[in-house]
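Have a look at the structure below before the remarks.
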Amino acid sequence: MSDKTVLTGLTPEEISTRFQLKPSFRAKQIYEWIAKGVESFVEMTNIDKATREKLSESALLRSSSVSEVLKDPDGTIKLQITLHDGRAIETVLLTDKEGRKTACVSCQAGCAMKCAFCQTGQLGLGRNLTPGEIVEEFLYMEKEAGKLDNIVFMGMGEPFQNLDSIRKAVAILTDPKGRALSSRRITLSTCGLVKGIYELANNGPKMRLAISLTTADEELRKELMPVTAGNPLSELKKAIAYFIEKTGKRVTLEAALLSGKNTGRESADRLIGFAKGLDVYINLIPWNPVPGLDFTTPSADEVKSFVKMLEQANLNVNLRTRRGEKIGGACGQLGRSQAQQET
């Protein structure tokens, strides 16, 4: 990597200190331009030429680059981004029925969690992303899709394994002096690291929390999600309850529906029991096929029956529309292009 300083992960104060900028407001102006998505110092029209030349010699606006843009007919967009060390990550744009745009961003290159039904988990962990690399994902997607409404840390990687970088990236993206994204529009999705949930509840940053639960059957969850062995469901439920009480925010429980695995009466009863006493929202996602993984997407009738069982227990249930499947951008499919390159 170049020895130039990458600006996307720096605060105005850090920019000012690093480059000894005068007058003091100059760093704030540069920071504002970065938030607007400029890709060259020439575009910073209110910065004097001498400062722009100084920055060009010693700084970079981006450390990564977009290597491919994939678009699904359903409106989903996937960016394949190459990092400075050649590693690849993916970022996805999801648009809901109301037209709200959500960036599903990655926090790691690969993932160490090894969830059996997830493409990314089959890659293993490459490394954590830097704050700047996370911010760059957001900026690249805004350039491609226009102003974004939400951001979810639901792409490649387990967010609680890179919380420090996420904290700084969120601080930059929510800074009123910069992009000014509302913290209410940010969600972190975890496979269930109990310590991370307590840490987020106690020390922030303020954001919504989603739990990739998939099943409330302890033994089946251990089989599908190895993280369960060190984070049993009983402790996970306590952590969720603590987060809700501490923050006052409802938590989303997510379940990837696997035909014949977690869609029957017993699975429904266990999920109902787990959700009892918690202020939660259930998000169901029919499994998106991943080559080489021995699972089956449930039929429409199978899904309908499961939803009905949960709703009869007065749970708040949402059935996610499958989007982005044609470009490997659907939930659980991120990293497919990288896997194909490595075979």
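Only counting other Cβ atoms within 10 Å, I'd like Ser182, Ser64 sorted with the fewest neighbours first.
So the residues, fewest neighbours to most, are Ser182, Ser64.
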Fill in the blank from the handout: With N residues in the chain, Rg(alpha-carbon) / (2.2 N^0.38 Å) equals 1.03
Handout entry: Between helix 49-58 and the chain: long-axis angle, C-alpha atoms, 0 to 90°, nearest 10
Key = 60 degrees
Completion exercise
Whole-percent tail of the Cα-Cα distance distribution for the range 108-163, cut at 15 Å, equals 51 percent
Problem - Cut-off 14 Å (backbone N to label point 7 Å along Cα→Cβ of Asn314), residues of the range 234-248 - result: none
Exercise for the section: Kindly express, to the nearest 10 degrees and within the range 0 to 90, the angle between helix 163-174's C-alpha long axis and the longest C-alpha principal axis of the chain. Expected result: 60 degrees
Problem - Ratio Rg/Rh, restricted to the range 23-75 and using Cα atoms, in which Rh is the Kirkwood radius - result: 1.14
Practice task
Would you please state which residues of the range 220-245 a label at Lys206 would reach in this model, taking the label point 7 Å out along Cα→Cβ and a backbone N cut-off of under 12 Å?
Solution key: none
Practice task
Kindly state, as a whole number, the per residue volume in cubic angstrom of the convex hull around the alpha carbon atoms of the range 49-201.
Solution key: 143 Å³
Problem - Angle in degrees between helix 265-275 and the longest Cα principal axis of the chain, rounded to the nearest 10 - result: 50 degrees
Problem - q = 0.14 Å⁻¹: log10 I(q)/I(0) that the Debye formula gives for the range 1-92, counting C-alpha atoms only - result: -0.59
Problem - Ranked list, fewest to most other Cβ atoms within 10 Å of each Cβ, for Cys115, Cys191 - result: Cys115, Cys191
Fill in the blank from the handout: Glu98 and Lys49 label points (each 7 Å along its Cα→Cβ direction) are spaced in nm at 4.9 nm
Handout entry: Contour excess over end-to-end distance, with Cα ends at Lys238 and Asp3 and 0.36 nm allotted per residue
Key = 80.0 nm
Fill in the blank from the handout: Output ordering of 21-27, 55-61 (per-residue mean of other Cβ within 10 Å, highest first) is 55-61, 21-27
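Since every read-out is calculated from the coordinates, none of them should be taken as a lab result. Bear in mind the structure is a predicted one, so any value in this text is a computation, not a measurement. Ideal geometry is used to build each Cβ from the backbone, glycine not excepted, and the neighbour counts take in all protein chains shown.
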